[in-house]
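A short worksheet on the structure shown next.
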Amino acid sequence: LARGEVRSAFAMTEPAPGAGSDPSALTTRAVRADGGWRISGHKWFITGADGAGFFIIFARTSGEPGRRGGATMFLCPAEAPGLRVGRHIGTSDKAMIGGHCEVFFEDLFVPDSAVLGEVDRGFEYAQVRLGPARMT
């Protein structure tokens, strides 16, 4: 990533009624499985998804949509079975490599080692990234 040989994509935004501008509405779920997690959900407007080498996936690991907390971030290679990049969504912005795409997680398995930080603390971690980006 630092050498520019691969790109990442941050998969948080979801179609209604999921997490659009309000990440507490997150509906993509990650459920404990033997040795890891099973992720199921639908994201869209994921910048750079087409051709990304890996994804940071924002998924609910506890709680209910509309409630704060209960989100976890996972690291997953783009070629993992169960991760599918769908259509490019048309926008007026044509400058982003990899477009703005739909991404589907269909019983995607990720090992415990894929958890970024601590389980259920994803909202805190995401805010560190998103707060300054939104200000600029």
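The values are calculated or read from the model by the stated rules, or taken from the named source; none is laboratory data. Values in this document were obtained by computation on a predicted structure and should not be read as measured data. For neighbour counting, all protein chains shown are included, and Cβ atoms are generated from backbone atoms with ideal geometry for every residue, glycine included. SASA here: full protein model, heavy atoms, side chains in, ligands and nucleic acids out. Shrake-Rupley method; radii C 1.70, N 1.55, O 1.52, S 1.80 Å.
Please count how many residues of the stretch 76-87 are farther than 19 Å from A114 by Cα and either of a type in the set (D, E, K, R) or surrounded by fewer than 14 Cβ atoms within 10 Å (Cβ to Cβ) (or both). Please lay out each step first, then the result.
Taking the stretch 76-87 first, the residues farther than 19 Å from A114 by Cα are 85-87.
Subset that is either of a type in the set (D, E, K, R) or surrounded by fewer than 14 Cβ atoms within 10 Å (Cβ to Cβ) (or both): 87.
Summing the residues that are farther than 19 Å from A114 by Cα and either of a type in the set (D, E, K, R) or surrounded by fewer than 14 Cβ atoms within 10 Å (Cβ to Cβ) (or both) in the stretch 76-87 gives 1.
The residues of the stretch 18-61 that are open to solvent by 20 Å² or more (accessible area, probe 1.4 Å), in contact with a Gly (Cβ under 9 Å, 6 or more places away or on another chain) and in a loop (DSSP other than H, G, I, E, B), listed by number, are D22, T27, D50, G51, T61.
Taken over the stretch 67-114, the criterion of being small (G, A, S), touching a Leu at 6+ places or on another chain (Cβ under 8 Å) and assigned to a strand (DSSP E or B) is satisfied by A71 alone. You will find that of E14, E64, the residue that is outside any strand (DSSP E or B) and either of a type in the set (G, A, S) or surrounded by fewer than 17 Cβ atoms within 10 Å (Cβ to Cβ) (or both) is E64 and no other.
Just one residue in the set M96, M73 is open to solvent by less than 40 Å² (accessible area, probe 1.4 Å) and hydrophobic (A, V, I, L, M, F, W, C); that residue is M73. State whether the residues of the stretch 103-112 include one that is modelled with pLDDT under 95 and crowded, with 17+ Cβ neighbours inside 10 Å. No, the stretch 103-112 has no match at all. Inspect the stretch 117-136 for any residue being free of Cβ contacts under 8 Å to residues at least 12 places away in the same chain, touching a His at 6+ places or on another chain (Cβ under 9 Å) and part of a loop (DSSP other than H, G, I, E, B) and give the result as yes or no. No - not one qualifying residue is present in the stretch 117-136.
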